[in-house]
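The next block holds one structure in the form of structure tokens; read it before the comments.
The values are calculated or read from the model by the stated rules, or taken from the named source; none is laboratory data. What you are looking at is a predicted structure, and each value in this text was computed from that prediction instead of being measured. Cβ coordinates were reconstructed from backbone atoms using ideal geometry, including for glycine residues, and neighbour counts include every protein chain displayed.
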Amino acid sequence: MDKPGLTTDENGRTHCTWRTAAPQYPPYHDHEWGVPVGDDTLLYEKICLEGFQAGMAWITILRKREQFRAAFDGFDFRRVAQYGEADIERLMRDPGIVRNRAKIVSTINNARRACELVDETGSLARWLWAFEPSDEERPAVVDMAYWTGNPTSPASVRLSKALKKRGWTYVGPTTMYALMQAMGMVNDHLEGCVCREQIENLRRQFKRP
């Protein structure tokens, strides 16, 4: 019998159960979620998409991700930072994305804040990875009890406060914990998922920026 939160596929491989919830999830679960990211553009994209997800299901955002990339110039934050009112109106007419004005404005604002941060520190990735939690802050076992009881973490609270202090928006502690999971800052594949050890190996090999 599978443990809570785990499902065994037809090949006898055990995965996090959410992997089976939609056709887009297997490749995302198996090859992206939790893989360490050190690219500034991709990290900005992840912050923005996690912000768009606030109050929505992640699958909604994942299904629209390519349309988001097209609409926001591949999440090149130097270009997005130059957007003005005409771009906001263009985006509000785009049926391929989530047409939420506050979130669109936030994406532009955060692009400007990303430019400031990179100009000041040299790297968005280096700045973000400084918030990686210590081993002592992480649970001994990542299971469903941990998952359901911890939508935030001390590290995500610290990251959220630091970003808000710099003027970023839609970067609450829960959103930032989702970012930390997605970018590989933490490994939240459940114990027993075949991807968990793969991600641990990638995290061990990853050179922090």
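Points to keep in mind about this one:
- Residue list for segment 112-132, filter: among the β-branched types (Val, Ile, Thr) and free of Cβ contacts under 8 Å to residues at least 40 places away in the same chain: 121
- Within segment 114-148, the only residue that satisfies the criterion of being in contact with a Ser or Thr (Cβ under 7 Å, 6 or more places away or on another chain) and surrounded by 17 or more Cβ atoms within 10 Å (Cβ to Cβ) is 127.
- No other residue among 88, 108 is more than 20 Å from the chain's Cα centre (by Cα), among the β-branched types (Val, Ile, Thr), at pLDDT 95 or above and in a helix (DSSP H, G or I) apart from 88.
- Some residue of segment 162-169 being farther than 17 Å from residue 46 by Cβ, in contact (Cβ under 8 Å) with a residue 24 or more places away in the chain, surrounded by 17 or more Cβ atoms within 10 Å (Cβ to Cβ) and more than 17 Å from the chain's Cα centre (by Cα): no
- Where residue 34 falls short, out of the listed (1) within 10 Å of the chain's Cα centre (by Cα); (2) in a loop (DSSP other than H, G, I, E, B); (3) surrounded by fewer than 19 Cβ atoms within 10 Å (Cβ to Cβ): (3)
- Of all residues in segment 47-62, those being in contact with a helix residue (DSSP H, G or I) (Cβ under 7 Å, 6 or more places away or on another chain) and either without any contact (Cβ under 8 Å) to a residue 12 or more places away in the chain or within 14 Å of residue 80 (Cβ to Cβ) (or both) number 5.
- Here 135, 143 are screened, and the one residue that is in contact (Cβ under 8 Å) with a residue 60 or more places away in the chain, out of contact with any Cys (no Cβ under 9 Å at 6 or more places or on another chain), closer than 21 Å to residue 196 by Cα and not small (Gly, Ala, Ser) is 143.
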